[in-house]
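Okay, structure first, notes after.
The values are calculated or read from the model by the stated rules, or taken from the named source; none is laboratory data. Since the model is a prediction, treat every value here as computed from it, not as a measurement. Counting neighbours? That spans all protein chains shown, and the Cβs are built from the backbone with ideal geometry, glycine included. Just the protein is used for accessible areas: all its heavy atoms, side chains included, with ligands, DNA and RNA removed. Shrake-Rupley method; radii C 1.70, N 1.55, O 1.52, S 1.80 Å.
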Amino acid sequence: MAGTKMQQFKILCANGLMRLFGPERFHYYYSRYKMLREGQQFARSQQQPEPPVQTSVSAPATALEKFHINFGQRRDLLPFLRRHVSRFPVYDSAPFVSIIILNRNGVNYLKQLFPTLQANTAYPHFEIILVDNASSDTSCSFAENYGFQDLTVVRLEKNYSFSAANNIGAGRAKGDYLVFLNNDTEVCYGWLTEAIRCFAEFPKAACVGATLVYAEINSFDKGGDWVLPGLSVQHAGCAFRFEGDFLRPFNVGKYLHPLHLDLASRPVPAVSAACQLWKKEVFRSINGFDEEYFYGYEDVDICLKARQAGYEIIHCPSSFVIHHEFGTQKKIESFEKQQNRRKNMAHFAGLWYENLRREFWREKLFASPFLAEKPLTIAITVTEFNPLTTCGDYFSAVGLGNALEELGFQVVYLPRRPLDEWRAVPDDIDVLLVLMDDFPLDTTKLRKGIITIAWVRNWVDRWCQRPWLSNYDMVLASSATCLDTLGPSLRDRQYQGILRIAADTGLFHERPQNAEFESDISFVGNIFHVPRDIVAHLPLSDSWRFRYWGRLESPGHPFTPYHEGRVSYYDVPEIYNSAKIVMEDCTPMCKPWGCINSRTFEAMACGACVVSNDVPELRDLFPDEILIYRNRQELEEILAYYLAHDEERKAVGQRARQAIEKGHTYRKRAEEFRRHLADFLGLGEDGISAATQHRMRSPQ
């Protein structure tokens, strides 16, 4: 299958998947597919490339083709729009509206727009002001002779900016309300009626924006990539996306079916000037459009000025306008566009960046998102995303991730195995939290502005050897000793903080004993070919019943007679609640740096009497809640005493449980994580200070 047929097949598949998953999830999955496909591990896709795709079709698309690349046809869509429109009462006191249309050599666009204005503006009192930017075509004569009762053509002697030309038009307006309408649009039935109605619904409204809808797609001239559906939503208000040193406004609701929108009007940060309806008194009070802009960001800027003055910006879902997009800018050369864009961005950032940045992240971290479309979205890397895994990073990630979701954040997981998915970081991720030292930060494609965080919980020596460790925005360590060890490998002023492991108290808590798992002494852990303190020091005596669960990969190991096999992570709380004493053994990849095992916190959360090898900081962290030995003799004495004294043993367990509930749950860690982010983003002076101490390394 080649050429046009292949393209038709791809379009059909894309539209089917889009309807199945929804546009946002479809584009998320497709972006991940493309990134994975480009990886070296997908050699097959490189050895067998797809046949070349025909990039244009000279003949008009057939009805079947149009169905594949559009959500429908206009004759199918427009009648349904009418059922959502309220009839505006025709009475003399209806506010007078001035519709201002900016034009430059756009007679062909006006020939599309004017018939729809005439047929679909079901509103009693309005005028049309065509502001013409020195057109050389027949735009002015076409407008003057079209037949509108109240139309004024304002002829300008040169090509003014969008802002300047529309301000001139607003100065000529007689209406109490001003509509700024692009010439490359077609209005749908009741568009103005619905927009005006919003001012009664929202008394603080300064501006109302319409729902912009893409025009139909009538050819396959899309370069062989997926074709996005025509007659889908282009704009349902604006939100912001953080991109490093710039907060970029973008259109909300793109590619949704226009009839699937929630039809409740709502406040938004900004709306597109392709169709904006303003109260004239507010427009004038904030000095109209900023004339420093030239075709870019002036619409968002004026909305922000209105919000700063205490007004609201409203999106009206039932006011529909079809937008052909960039009608005026098509007359501008590409190089000039790039220059204008850079100047516009610089001017916008100079006015708004710092205030927007603080408000944007404050909302993301501590309130419902408004400037942003979504809550804070965090991706956490894991070795495997499988509840049956033996990789401990999965359980730490999910424990913290579940607690972060309780705070209102969105969390996704990026597993390394089996498909190397951790390289495919979605573009809508705000924060990337990395738990493994070998994550290839230096070669992974990341969106500009994403916050990268290394959470160092073990293998500290390996982390120190990674040259990209200093490239993380933030480094969080599970102990102070760990953080001190990392220090020389970090760059000046790199954010550093402590985020300890914790317990998931939703799973690990007190419960009745289970006879299946009863023991005097229990140990849960994996024993590989590395020295372990518990193996060297635990006295294996017939005086008590010792039981061991986990992977045991050493033939003839002394624990073999006591080995009960592997156990599900979700049965571990039963073991902890059914043992008189729980042995914990901090492993060699954690112990030297005071990185306490997650199982220590989990056993304590169950109210177990925990005995552990000596780990830096453990005595300081839990002076009365855990029993610590340094040699075989001390361990034997501790076991003999506490197995013989039930009440004292139970008291240790209760103190341990209370200590975990007070300060070492993943809910507490999620709050600490959020406060670390707040400090990193400079929000601390607003009353948001870190719950755990952090340091910024000063230049030497």
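Summary table
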read-out: Region 637-653 residues that are closer than 14 Å to Ile626 by Cβ, paired with ones that are assigned to a helix (DSSP H, G or I) and among the hydroxyl-bearing types (Ser, Thr, Tyr) (beta carbon under 6 Å, 6 or more apart); value: Arg649/Tyr642
read-out: Residue within region 354-377 that is part of a helix (DSSP H, G or I) and more than 23 Å from the chain's Cα centre (by Cα) present; value: no
read-out: Filtered residue count, region 633-679, keeping only those that are buried (at least 16 other Cβ atoms within 10 Å of the Cβ) and small (Gly, Ala, Ser); value: 5
read-out: Cβ-Cβ under 6 Å pairs, at least 6 apart or on other chains, region 116-131 side in a helix (DSSP H, G or I), far side open to solvent by less than 10 Å² (accessible area, probe 1.4 Å) and of a type outside the set (A, V, I, L, M); value: Asn120/Cys188
read-out: Residues located in region 112-131, provided they are out of contact with any Phe, Trp or Tyr (no Cβ under 7 Å at 6 or more places or on another chain), of a type outside the set (A, V, I, L, M) and closer than 14 Å to Ala143 by Cβ; value: Gln112, Pro115, Gln118, Glu127
read-out: Criterion violated by Ile596 - all others in (1) surrounded by fewer than 22 Cβ atoms within 10 Å (Cβ to Cβ); (2) within 27 Å of Ala403 (Cα to Cα); (3) aliphatic (A, V, I, L, M); (4) at pLDDT 95 or above satisfied; value: (1)
read-out: Single match in His260, His323 (criterion: within 19 Å of Leu113 (Cβ to Cβ) and out of contact with any Gly (no Cβ under 9 Å at 6 or more places or on another chain)); value: His323
read-out: Residue match in region 314-333 (condition: modelled with pLDDT of 95 or more and small (Gly, Ala, Ser)); value: no
read-out: Residue satisfying all of: in region 387-431; assigned to a strand (DSSP E or B) and either surrounded by fewer than 18 Cβ atoms within 10 Å (Cβ to Cβ) or not aliphatic (A, V, I, L, M) (or both); nearest to the chain's Cα centre (by Cα) among these; value: Gln410
read-out: Pick from region 236-265, criterion of a type in the set (Lys, Arg) and in contact (Cβ under 8 Å) with a residue 60 or more places away in the chain, ranking: nearest to Leu365 (Cα to Cα); value: Arg241
read-out: Residue in region 599-613 that is surrounded by the most Cβ atoms within 10 Å (Cβ to Cβ), counting only those that are of a type in the set (Gly, Ala, Ser) and under 16 Å from Phe523 (Cβ atoms); value: Ala603
read-out: Candidate set from region 176-191 (those that are open to solvent by less than 10 Å² (accessible area, probe 1.4 Å) and part of a loop (DSSP other than H, G, I, E, B)); member that is farthest from His323 (Cα to Cα); value: Gly190
read-out: Filter result for Asp438 (over 15 Å from Arg241 (Cβ atoms) and surrounded by fewer than 16 Cβ atoms within 10 Å (Cβ to Cβ)); value: yes
read-out: Residue in region 124-175 that is least open to solvent (accessible area, probe 1.4 Å), counting only those that are acidic (Asp, Glu) and over 21 Å from Asp290 (Cα atoms); value: Glu127
read-out: Subset of region 619-637 (residues that are under 25 Å from Ala502 (Cβ atoms) and among the hydrophobic types (A, V, I, L, M, F, W, C)); value: Leu621, Phe622, Ile626, Leu627, Ile628
read-out: Extreme residue, farthest from Asp437 (Cα to Cα), among residues of region 351-367 that are free of Cβ contacts under 8 Å to residues at least 24 places away in the same chain and surrounded by fewer than 16 Cβ atoms within 10 Å (Cβ to Cβ); value: Asn355
read-out: Test: residue in region 130-141 that is under 46 Å from the mean Cα position of the chain (by Cα) and on the phi > 0 side of the Ramachandran plot; value: yes
read-out: Residues located in region 561-585, provided they are within 28 Å of Trp459 (Cα to Cα), open to solvent by 10 Å² or more (accessible area, probe 1.4 Å) and of a type in the set (A, V, I, L, M, F, W, C); value: Val567
read-out: Filter result for the condition that a residue is basic (Lys, Arg), under 28 Å from Arg266 (Cα atoms) and without any contact (Cβ under 8 Å) to a residue 24 or more places away in the chain, over Lys305, Lys279; value: Lys305
read-out: Looking only at region 515-538, and only at residues there that are in a loop (DSSP other than H, G, I, E, B) and modelled with pLDDT of 95 or more, the one that is farthest from Asn577 (Cα to Cα); value: Leu538
read-out: Residue pairs meeting the criteria (Cβ under 8 Å; at least 6 apart or on separate chains; first under 16 Å from Leu476 (Cβ atoms) and touching a residue at least 12 places away in the same chain (Cβ under 8 Å), in region 372-401; second assigned to a helix (DSSP H, G or I) and of a type in the set (Ser, Thr, Tyr)); value: Ser396/Ser598; Gly399/Ser598; Gly399/Tyr666; Leu400/Tyr666
read-out: Scan of region 201-212 for residues that are in contact (Cβ under 8 Å) with a residue 40 or more places away in the chain and either surrounded by 24 or more Cβ atoms within 10 Å (Cβ to Cβ) or assigned to a loop (DSSP other than H, G, I, E, B) (or both), ordered by number; value: Phe202, Lys204, Ala206, Cys207, Val208, Gly209, Ala210, Thr211, Leu212
read-out: Residue within region 319-333 that is without any contact (Cβ under 8 Å) to a residue 60 or more places away in the chain and either assigned to a helix (DSSP H, G or I) or polar (S, T, N, Q) (or both) present; value: yes
read-out: Residue satisfying all of: in region 441-467; touching a strand residue (DSSP E or B) at 6+ places or on another chain (Cβ under 6 Å) and either of a type in the set (D, E, K, R) or at positive phi (or both); least open to solvent (accessible area, probe 1.4 Å) among these; value: Gly449
read-out: The listed residue being open to solvent by 20 Å² or more (accessible area, probe 1.4 Å), in a loop (DSSP other than H, G, I, E, B) and more than 23 Å from Ala502 (Cα to Cα), out of Pro588, Pro616, Pro558; value: Pro558
read-out: Counted residues, region 468-514 - those being open to solvent by 50 Å² or more (accessible area, probe 1.4 Å) and either part of a helix (DSSP H, G or I) or free of Cβ contacts under 8 Å to residues at least 40 places away in the same chain (or both); value: 4
read-out: Selection from region 235-292 of residues that are in a helix (DSSP H, G or I), surrounded by fewer than 19 Cβ atoms within 10 Å (Cβ to Cβ) and aromatic (Phe, Trp, Tyr); value: none
read-out: Residue pairs meeting the criteria (Cβ under 9 Å; at least 6 apart or on separate chains; first free of Cβ contacts under 8 Å to residues at least 40 places away in the same chain and of a type in the set (D, E, K, R), in region 133-161; second open to solvent by 60 Å² or more (accessible area, probe 1.4 Å) and part of a helix (DSSP H, G or I)); value: Asp137/Asn108
